[in-house]
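Below is one structure, written out as structure tokens; comments come after it.
The values are calculated or read from the model by the stated rules, or taken from the named source; none is laboratory data. The structure displayed is predicted, hence computed values, not measured ones. In this analysis, Cβ positions are derived from the backbone assuming ideal geometry, glycine residues included, and neighbour counts consider all displayed protein chains. Just so you know, the surface numbers come from the protein's heavy atoms only, side chains and all, with ligands and any DNA or RNA stripped out. Shrake-Rupley method; radii C 1.70, N 1.55, O 1.52, S 1.80 Å.
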Amino acid sequence: MWENWSNYCTTKQKSSKQDQEIMSVLVYTESLKGKFKKNAFEAASYAHKVAQDLGTTVTAVSFNAEDDASLGTYGVSKVLRVSDGSLATFNAKAYAEVLAEAAKAEGAKVIILSSSADSKFLAPILTAKLTAGYVPNVVAAPESTSPFVVKRTAFSNKGFAMTEISSDVKIIGVSSNAFGVAENNISASVEDFGPSLSDKAFAVKSVEVDRVVGKATIADADIVVSGGRGLKGPENWGMVEELADVLGAATACSKPVSDMGWRPHSEHVGQTGKPVASNLYIAIGISGAIQHLAGINASKVKVVINNDPEAPFFKAADYGIVGDAFEVVPELIEKLKEFKAQNT
Ligand code: FAD
């Protein structure tokens with residue numbers, strides 16, 4: 001069954017040259033305000049595994065990060081540090097230009113990105129610059145490196161596709177929380193890297209970023225607590241936020257909830273909203289429509305609280321509580337607080 005499925009899904013990207021000499025594996029390590037994001041460590045860990053398979057080393061490119069040498073913990077042996085105020089905020093075209101220059105300088109034939117919104121934004125630009133083959137949403141180390149075959153999610157996370165990349169330069173977008181962060185302690189050298197950027201790279205740039213502060217973001221969170229129309233109104237979100245606080249989680253919601261203005265659009269998850277690939281996803285008063293599930297399927301453990309035992313979400317869940325959210329959630333918060341008090 002699996003063989004048929006993978007044969008069916010195997011995608012062959014256009015081949016030109018194959019099995020060429022691979023220099024270092026290049027990884028783009030994302031950071032925010034000088035601090036590396038978790039996905040940077042996961043991408044570096046993945047790059048280390050690919051480099052091991054290919055018998056080479058990992059070179060990272062960092063943008064205005066504070067602790068470049070820390071990437072050695074995840075198997076990076078060289079960091080190309082870009083310190084440039086004009087790149088303080090993410091700029092897809094400019095970042096892609098830097099990465100393309102770094103790939104050429106290092107002779108890198110394999111480039112590892114995350115599957116964050118930023119990486120997915122810059123990946124096609126980088127792909128075009130390097131005439132590369134790009135595969136996003138990759139969930140495991142390459143099945144083989146000759147031919148170069150990776151496993152990625154398909155059909156809104158309902159299946160997998162074994163995908164062969166046979167272009168000379170290969171770009172891989174690693175799914176969040178799929179490969180995981182692995183420590184491979186080595187000492188990383190850090191070099192300044194400052195290619196001259198064309199004016200065209202800054203034709204579009206962010207002039208101001210208004211970011212929610214002090215809360216875990218959906219993209220980076222290990223745990224996401226999400227509310228749906230079953231919560232009846234925005235005035236009832238206090239318990240969702242409290243549960244999220246106790247768990248150190250990010251808050252999210254279904255589409256109708258953000259459409260009705262109960263919650264900001266930045267919290268809308270699903271097929272037309274943000275994707276969630278957390279370790280734990282708790283859905284409260286959400287029915288489990290396919291468009292919602294499409295965006296959260298990649299989460300590892302799904303817990304559902306719903307008063308309708310026939311709610312479709314129960315079929316997709318790992319754990320389910322049939323009950324009234326207004327009774328279950330406060331009780332859950334109390335129990336978690338007690339547990340934390342006893343265990344800290
Ligand atoms: P409902 O379907 O109204 O479900 C509410 C649930 O709460 C019910 O299961 C009910 O049993 C339960 N409930 C009620 N009271 C309680 C209580 N007291 N305690 C516990 N449970 C209770 N939706 C998304 O979420 N994300 C998307 O990205 C998305 N994209 C879409 C794209 C398209 C093209 C289309 C057509 C639809 C899309 N939708 C999306 C909408 C989707 O089809 C559903 O309509 C939506 O997910 C339903 O939201 P809900 O589960 O919050 O509400």
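Checked against the criterion of being in contact with a Leu (Cβ under 7 Å, 6 or more places away or on another chain) and assigned to a loop (DSSP other than H, G, I, E, B), segment 197-220 contains not a single residue that satisfies it. I'd like to check something: does segment 152-167 contain any residue that is of a type in the set (Asp, Glu) and either open to solvent by less than 20 Å² (accessible area, probe 1.4 Å) or over 26 Å from Cys253 (Cβ atoms) (or both)? Looking through segment 152-167, at least one residue is of a type in the set (Asp, Glu) and either open to solvent by less than 20 Å² (accessible area, probe 1.4 Å) or over 26 Å from Cys253 (Cβ atoms) (or both). Going by what's in this entry, would Asn343 be described as more than 24 Å from Ala154 (Cα to Cα), within 14 Å of the ligand (Cβ to nearest atom) and open to solvent by 40 Å² or more (accessible area, probe 1.4 Å)? So Asn343 does not fit the description; no.
Just one of the numbered conditions (1) in contact (Cβ under 8 Å) with a residue 40 or more places away in the chain; (2) within 8 Å of the ligand (Cβ to nearest atom) is not true of Val257: (1).
Of the residues contained in segment 184-195, none is found to be more than 28 Å from Lys337 (Cα to Cα), aromatic (Phe, Trp, Tyr), touching a residue at least 24 places away in the same chain (Cβ under 8 Å) and not in a loop (DSSP other than H, G, I, E, B).
Restricted to strands (runs of 3 or more DSSP E) entirely inside segment 1-100, no element has at least 3 residues that are modelled with pLDDT of 95 or more and touching a Gly at 6+ places or on another chain (Cβ under 7 Å).
The set of residues in segment 70-83 that are open to solvent by 40 Å² or more (accessible area, probe 1.4 Å) and under 23 Å from Gly107 (Cβ atoms) comprises Lys78, Arg81. Is one or more of the residues making up segment 118-132 surrounded by fewer than 17 Cβ atoms within 10 Å (Cβ to Cβ) and not in a helix (DSSP H, G or I)? The answer is yes; a qualifying residue exists. Annotation note: Cβ proximity below 9 Å between a residue of segment 288-305 that is within 16 Å of Gly227 (Cβ to Cβ) and a residue that is buried (at least 24 other Cβ atoms within 10 Å of the Cβ) and among the polar types (S, T, N, Q) (sequence gap 6+ or interchain) occurs for Gly288/Asn306; Ala289/Ser254; His292/Ser226; His292/Ser254; Ile296/Ser226; Ile296/Ser278; Ser299/Ser278. Screening Pro142 against (1) in a strand (DSSP E or B); (2) open to solvent by less than 40 Å² (accessible area, probe 1.4 Å); (3) under 21 Å from Ala277 (Cα atoms) leaves a single unmet condition, (1).
Pairing each residue of segment 43-63 that is free of Cβ contacts under 8 Å to residues at least 40 places away in the same chain with any residue that is of a type in the set (A, V, I, L, M) and open to solvent by 30 Å² or more (accessible area, probe 1.4 Å), provided the two are 6+ apart or on different chains, yields C-beta distances under 8 Å for Thr56/Ile22; Thr56/Met23. When every residue of segment 217-232 is checked against the conditions, at least one turns out to be loosely packed, with under 14 Cβ neighbours inside 10 Å and within 16 Å of the ligand (Cβ to nearest atom). Does segment 204-216 include one or more residues that are in contact (Cβ under 8 Å) with a residue 12 or more places away in the chain and within 16 Å of the ligand (Cβ to nearest atom)? Scanning segment 204-216 turns up no residue that is in contact (Cβ under 8 Å) with a residue 12 or more places away in the chain and within 16 Å of the ligand (Cβ to nearest atom).
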